[in-house]
1. Looking at PRO37 and the list (1) part of a helix (DSSP H, G or I); (2) surrounded by 10 or more Cβ atoms within 10 Å (Cβ to Cβ); (3) modelled with pLDDT under 95, which single condition is not satisfied?
2. Before we move on, is SER64 under 21 Å from the mean Cα position of the chain (by Cα) and modelled with pLDDT of 90 or more?
3. Would you mind stating whether LEU54 is outside any loop (DSSP other than H, G, I, E, B), at pLDDT 90 or above and out of contact with any helix residue (DSSP H, G or I) (no Cβ under 9 Å at 6 or more places or on another chain)?
4. Using the structure shown, decide if ARG29 is surrounded by fewer than 10 Cβ atoms within 10 Å (Cβ to Cβ) and either touching a Phe, Trp or Tyr at 6+ places or on another chain (Cβ under 6 Å) or not in a helix (DSSP H, G or I) (or both).
5. Between a first residue in the stretch 56-67 that is touching a residue at least 12 places away in the same chain (Cβ under 8 Å) and a second residue that is of a type in the set (A, V, I, L, M) and surrounded by 10 or more Cβ atoms within 10 Å (Cβ to Cβ), which pairs have beta carbons less than 6 Å apart while being 6 or more apart in sequence or on different chains?
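The values are calculated or read from the model by the stated rules, or taken from the named source; none is laboratory data. Just so it is clear, the model here is predicted, and its values are computed rather than measured. As a convention, Cβ positions derive from the backbone with ideal geometry for all residues, glycine included, and neighbour counts pool all protein chains shown.
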Amino acid sequence: MAELALSETRSFFKKTKIFLSSQYQQYSRVWKILRKPTMQEFKMVSIVSIIGLLIIGALGFVISVAINLMI
């Protein structure tokens, strides 16, 4: 019984090691091709993010007002 549990534990750690190794390889591949965004790219991402936040906020506000009017 103890040998079975030990075998399962070893198998788990082996699978975990393989998974972490493959994840590390993928992350390191991405890290190698990263670069600092230009100011234009940064501004564009910021503007799109702000617009998205405003849309979500407005949608939440409209839903809140609609629910309060129904009550």
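1. Tallying (1) part of a helix (DSSP H, G or I); (2) surrounded by 10 or more Cβ atoms within 10 Å (Cβ to Cβ); (3) modelled with pLDDT under 95, PRO37 fails exactly one: (1).
2. Working: under 21 Å from the mean Cα position of the chain (by Cα): no; modelled with pLDDT of 90 or more: yes.
No.
3. Details: outside any loop (DSSP other than H, G, I, E, B): yes; at pLDDT 90 or above: yes; out of contact with any helix residue (DSSP H, G or I) (no Cβ under 9 Å at 6 or more places or on another chain): yes.
Considered against the rule, which asks whether it is outside any loop (DSSP other than H, G, I, E, B), at pLDDT 90 or above and out of contact with any helix residue (DSSP H, G or I) (no Cβ under 9 Å at 6 or more places or on another chain), LEU54 comes out as yes.
4. On the way: surrounded by fewer than 10 Cβ atoms within 10 Å (Cβ to Cβ): yes; either touching a Phe, Trp or Tyr at 6+ places or on another chain (Cβ under 6 Å) or not in a helix (DSSP H, G or I) (or both): no.
Here the answer is no, as ARG29 does not meet what is asked.
5. From residues that are touching a residue at least 12 places away in the same chain (Cβ under 8 Å), there are no pairs.
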